[in-house]
Amino acid sequence: MTSSPLISDIDGRTVIVVGTLFGVLFCIDADTAKAVWTYKTGMQISSAGAATTLAGKPVLFVPSYDRWLYALEGASGALRWRFRTAQHIASSPIVVTIEGTPCVVFPSLDNHLYAVEAATGRLRWTHALGKRPWFYEVRGETLWPSPIAIAYAGRPLLIVPWYDGTVTAFGDQ
């Protein structure tokens, strides 16, 4: 196992979702420790995913080193959609509401931050991040920075640290 666990409620049961070095995502029932389902990506999964409910159904968003962000049905592990970037996705995504639409926000090692619509995988926007100080990919030995969302002074704020030494904050105007 190479990712942090994601704990979620799916159809009234608590599950633990975790990824492996070999690109296998396991959804495990927390009470029985039995696999509910598995899903195979093309490469390593090193970060916890994110979960939300869309149209009353649980959906998981899982990043992979194969350059895809996967949206999976929480109950079955069936693929809803996937979104490709130009480099590995090693950081954990988050789900935030942007102008009334649930979106998945995540950085890629192509030095861009992405916001894709949670229901469809359609690109909402992208933001260029600074370049990493090294030119090659280091796998398994680096802490990948992940975005967070908070309320500050009663307003939403998205905070994204990156390898170039900057922290970028996005908020409503």
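The values are calculated or read from the model by the stated rules, or taken from the named source; none is laboratory data. This is a predicted model, so every value here is computed, not measured. Heads up, the Cβs are rebuilt from the backbone with ideal geometry, glycines too, and the neighbour counts pull from every protein chain shown. In case anyone asks, the SASA skips ligands and DNA or RNA and just uses the protein heavy atoms, side chains included. Shrake-Rupley method; radii C 1.70, N 1.55, O 1.52, S 1.80 Å.
Would you mention how many residues in the range 9-19 are of a type outside the set (Val, Ile, Thr), in contact with an Asp or Glu (Cβ under 9 Å, 6 or more places away or on another chain) and open to solvent by less than 70 Å² (accessible area, probe 1.4 Å)?
Of the residues in the range 9-19, the ones of a type outside the set (Val, Ile, Thr) are 9, 11-13, 19.
Checking the rest, the ones that are also in contact with an Asp or Glu (Cβ under 9 Å, 6 or more places away or on another chain) come to 13.
When the remaining residues are screened for being open to solvent by less than 70 Å² (accessible area, probe 1.4 Å), the result is none.
Total satisfying the criteria: 0.
Going through 22, 26 one at a time, which residue ends up being part of a loop (DSSP other than H, G, I, E, B), open to solvent by 40 Å² or more (accessible area, probe 1.4 Å) and not aliphatic (A, V, I, L, M)?
The conditions single out 22.
Any residue in the range 113-133 that is exposed (fewer than 14 other Cβ atoms within 10 Å of the Cβ) and assigned to a loop (DSSP other than H, G, I, E, B) sitting within a Cβ distance under 7 Å of a residue that is among the β-branched types (Val, Ile, Thr) and at pLDDT 95 or above? List the pairs, counting only those 6 or more apart or interchain.
Pairs found: 122/116.
Could you check the range 35-59 and list, in sequence order, the residues that are in contact with a Pro (Cβ under 6 Å, 6 or more places away or on another chain) and not in a strand (DSSP E or B)?
Once the filter is applied, which keeps residues that are in contact with a Pro (Cβ under 6 Å, 6 or more places away or on another chain) and not in a strand (DSSP E or B), the range 35-59 yields only 47.
Which condition number does residue 38 fail, the rest of (1) of a type in the set (Val, Ile, Thr); (2) buried (at least 17 other Cβ atoms within 10 Å of the Cβ); (3) modelled with pLDDT of 95 or more being met?
Here residue 38 clears every test but (2).
Which one of 94, 89 is more than 18 Å from residue 156 (Cα to Cα) and within 11 Å of the chain's Cα centre (by Cα)?
One residue alone meets the criteria, 89.
Residue 86: within 22 Å of residue 161 (Cα to Cα) and touching a Lys or Arg at 6+ places or on another chain (Cβ under 8 Å), yes or no?
yes
If a residue must be surrounded by fewer than 22 Cβ atoms within 10 Å (Cβ to Cβ) and among the aliphatic types (A, V, I, L, M), how many such residues does the range 49-61 contain?
We begin by selecting, within the range 49-61, every residue surrounded by fewer than 22 Cβ atoms within 10 Å (Cβ to Cβ); these are 51-58.
Right, trim to among the aliphatic types (A, V, I, L, M) and you get 51, 54-55.
Qualifying residue count for the region: 3.
Which residue pairs have Cβ atoms under 6 Å apart, sit 6 or more places apart or on different chains, and have a first residue in the range 156-173 that is over 17 Å from residue 96 (Cα atoms) and a second that is open to solvent by less than 40 Å² (accessible area, probe 1.4 Å) and at pLDDT 85 or above?
Final answer for the pair search is 162/129.
Can you tell me how many residues in the range 62-97 are closer than 26 Å to residue 151 by Cβ, of a type in the set (A, V, I, L, M, F, W, C) and open to solvent by 30 Å² or more (accessible area, probe 1.4 Å)?
Residues in the range 62-97 being closer than 26 Å to residue 151 by Cβ, of a type in the set (A, V, I, L, M, F, W, C) and open to solvent by 30 Å² or more (accessible area, probe 1.4 Å): 2 in total.
Does residue 105 meet the test of being more than 22 Å from residue 21 (Cα to Cα), in a strand (DSSP E or B), aliphatic (A, V, I, L, M) and out of contact with any helix residue (DSSP H, G or I) (no Cβ under 9 Å at 6 or more places or on another chain)?
yes
Out of curiosity, is residue 140 in contact with a Gly (Cβ under 8 Å, 6 or more places away or on another chain) and at pLDDT below 90?
Against the criterion (in contact with a Gly (Cβ under 8 Å, 6 or more places away or on another chain) and at pLDDT below 90), residue 140 does not qualify.
Please name all residue pairs, on different chains or six or more residues apart, with Cβ atoms under 6 Å, provided the first residue is in the range 54-81 and is free of Cβ contacts under 8 Å to residues at least 24 places away in the same chain and the second residue is open to solvent by less than 50 Å² (accessible area, probe 1.4 Å).
Listed by first residue and then by second, the contacts come to nothing, as the list is empty.
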